[in-house]
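First up is the structure itself, then whatever we jot down about it.
The values are calculated or read from the model by the stated rules, or taken from the named source; none is laboratory data. Worth saying up front: this structure is predicted, and the values here are computed from it rather than measured. Because the Cβ atoms are built from the backbone with ideal geometry, glycine has one as well, and the counts that use them run over all protein chains shown.
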C-alpha cells in the first residue's frame, strides 16, 4: 500500500472515532439536558469536517504531474493541512465570542455524574486519536495528519475545560469561572493554530528545509570527487524535498561520470535525510591553477 492510501486509511479510522465521540456527547447532552455537553458534542462534530478535508486533499495530492502542474499536486496535502488550521481558528473565535457573552450573561452549568463519565470517556478516546494520528503523521511524514492531530488536541482542551468547569461550579465556585476557563483554553488553541499555520505556510512559501552547511559537509565527505559544494538551496514537504546546488569536481571528469555522480549523491541524500529527494546538481570544473589536485 502506498503512502497516500495509508494516510487516507488513517483519516477514515479517525473519522469514525470522531463521529463516535460526537454522537456520544450529543446523546448524553440531550438525555441529561446538558447545554454544555451538547455544545461540546457539536464542536466534536467539526473534527469530522477536518478528516473529510484531509481525505479530499490527499486524493487531489495523489494525482500525477501533468503539463499544467509539472511538479505534481503534492501541495494539495499542505493546503488541506492549512485549511484544518483555519477550521481550528474558527473554533478559537467562537470560544472567545462565547466567553465574552458569558461574562455579560452568565449561564448556569448543570452537574451530573453521567455527564462527567461521558466527558471523561470521550477525553480518553480523543487522546488515543491525537496520539495515534500524530505518530502516523510523523511515520508517513504527512502535514495533513499532523495538522489534524493538533486539531483533535483542541477538542481535548475543550472537553477538559467543560469537565473542570462543571466540577468547580459543583464546589460552589461562581459561574464566572466558565468563561475564564474558556479563555484559558483559547490560549492553548491559539498556540495550536500558530503551530499548524507555521508548518504548512512554510511549505507553501518554499521555506528552507535543510541546513546548507550540513548538506555541504555530508556531500564532501560522501565522495572524493566532490571538491566543493556551494549555492545550496532547499524547499519542500516533510516527505519530499527539492535541493539545488553547485558542485565543483575534477575538470577531466566525463559527462557520463558527472551524471553518475549526480544520481549517486541524490541517493545518498535520500538515505541520509530519510525522505525522497529531487536533486538538481550543477557541475562545475575545478579551475584554480595554483592548487594541484591529487
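Conditions tested, residue by residue: (1) surrounded by 14 or more Cβ atoms within 10 Å (Cβ to Cβ); (2) touching a helix residue (DSSP H, G or I) at 6+ places or on another chain (Cβ under 8 Å); (3) assigned to a loop (DSSP other than H, G, I, E, B); (4) in the same structural domain as residue 153 (by TED's automatic domain parsing).
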residue: 169; (1), (2), (3), (4): yes, yes, no, yes
residue: 192; (1), (2), (3), (4): yes, yes, no, yes
residue: 195; (1), (2), (3), (4): yes, yes, no, yes
residue: 220; (1), (2), (3), (4): yes, no, no, no
residue: 234; (1), (2), (3), (4): yes, yes, no, no
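Residues in the range 82-105 that are surrounded by fewer than 18 Cβ atoms within 10 Å (Cβ to Cβ) and farther than 18 Å from residue 177 by Cα: 86, 89, 90, 93. Checked against the criteria, residue 122 counts as in contact with a helix residue (DSSP H, G or I) (Cβ under 9 Å, 6 or more places away or on another chain), closer than 26 Å to residue 52 by Cα and crowded, with 16+ Cβ neighbours inside 10 Å. Checking the structure you have, find out if any residue of the range 139-150 is over 30 Å from residue 228 (Cα atoms) and without any contact (Cβ under 8 Å) to a residue 60 or more places away in the chain. Yes - at least one qualifying residue is present in the range 139-150. Right, residue 42: part of a helix (DSSP H, G or I) and free of Cβ contacts under 8 Å to residues at least 60 places away in the same chain or not? Criteria met by residue 42. Of all residues in the range 214-245, those satisfying the criterion of being more than 28 Å from residue 146 (Cα to Cα) and free of Cβ contacts under 8 Å to residues at least 12 places away in the same chain are 217, 220, 221, 224. Residues in the range 272-288 that are in a loop (DSSP other than H, G, I, E, B) and within 39 Å of the chain's Cα centre (by Cα): 274, 275. Counting the residues of the range 93-126 that are more than 16 Å from residue 185 (Cβ to Cβ), part of a helix (DSSP H, G or I) and either in contact (Cβ under 8 Å) with a residue 60 or more places away in the chain or within 32 Å of the chain's Cα centre (by Cα) (or both) gives 9. When you look at residue 19, is it surrounded by fewer than 17 Cβ atoms within 10 Å (Cβ to Cβ), assigned to a helix (DSSP H, G or I) and either at pLDDT below 90 or over 24 Å from the mean Cα position of the chain (by Cα) (or both), yes or no? Here the answer is yes, as residue 19 does meet what is asked.
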